[in-house]
Amino acid sequence: MNPSMISAAVSMQAIQQKLDVIAHNVANMNTTGFKRREASFQDVLTSVYRQPEGARLPGRLTPQGYVQGWGAKLAGVGLVMEQGNLLPTYRPYDLALEGEVLFEIRLSAPDENGGGGEVRWTRDGSFQLFVQP
């Protein structure tokens with residue numbers, strides 16, 4: 001396959017993944033406590049080729065050889081833990097967090113030995129008090 005086609009295909013896949021990350025951020029931007037994600041990229045491979053001896057002409061100012069790149073790939077998606085805006089709700093059980101911390105929420109009660117209980121993490125501080133009869 002043509003090296004230009006390989007480079008284009010690899011880079012298009014990385015760009016599609018970046019668009020997926022951006023779409024996820026846009027879809028969730030009004031979600032309370034949402035933290036956006038950021039994509040980072042790296043080169044797949046770079047090859048340096050020497051030009052033939054006939055290309056070495058007197059007075060030539062360009063380098064002897066050329067660089068062939070094979071595109072870029074998604075290196076990783078990181079969570080950005082920047083502090084968002086704090087909004088007053090005037091509800092008694094709402095809490096806000098500052099800094100890179102999360103609330104730990106237990107979705108089920110621990111068993112008789114103190115173990116178990118499903119745990120989740122969130123930045124959404126809109127809590128409610130439920131009283132079981």
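At-a-glance table
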item	result
Peptide ranges 36-47, 78-89 listed from the most packed, as the mean C-beta count within 10 angstrom indicates	36-47, 78-89
Long-range Cα-Cα pairs in the chain (distance over 23 Å), rounded percent	63
Dipole magnitude of segment 83-133 about its Cα centre (Cβ charges: Lys, Arg +1; Asp, Glu -1), debye to nearest 20	180
Estimated dipole of the chain in Debye, rounded to 20 [Cβ of Lys and Arg +1, of Asp and Glu -1, Cα centre]	800
Positive-pole candidate from Pro110, Thr46, Leu74, dipole of the chain, charges at beta carbon	Thr46
Contour minus Cα-Cα distance for Asn2 and Arg123 (0.36 nm per residue)	38.7 nm
Computed lengthening from Glu38 to Leu97, 0.36 nm per intervening residue step minus Cα-Cα distance	19.1 nm
Area projected by the alpha carbon convex hull of segment 83-133, averaged over all directions, nm²	5.0
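No lab work stands behind these numbers, since they all come straight from the coordinates. Since the structure is predicted, the reported quantities are computational estimates derived from the model, not experimental observations. Using ideal geometry, Cβ is built from the backbone for each residue, glycine included, and neighbour counts are taken over all protein chains shown.
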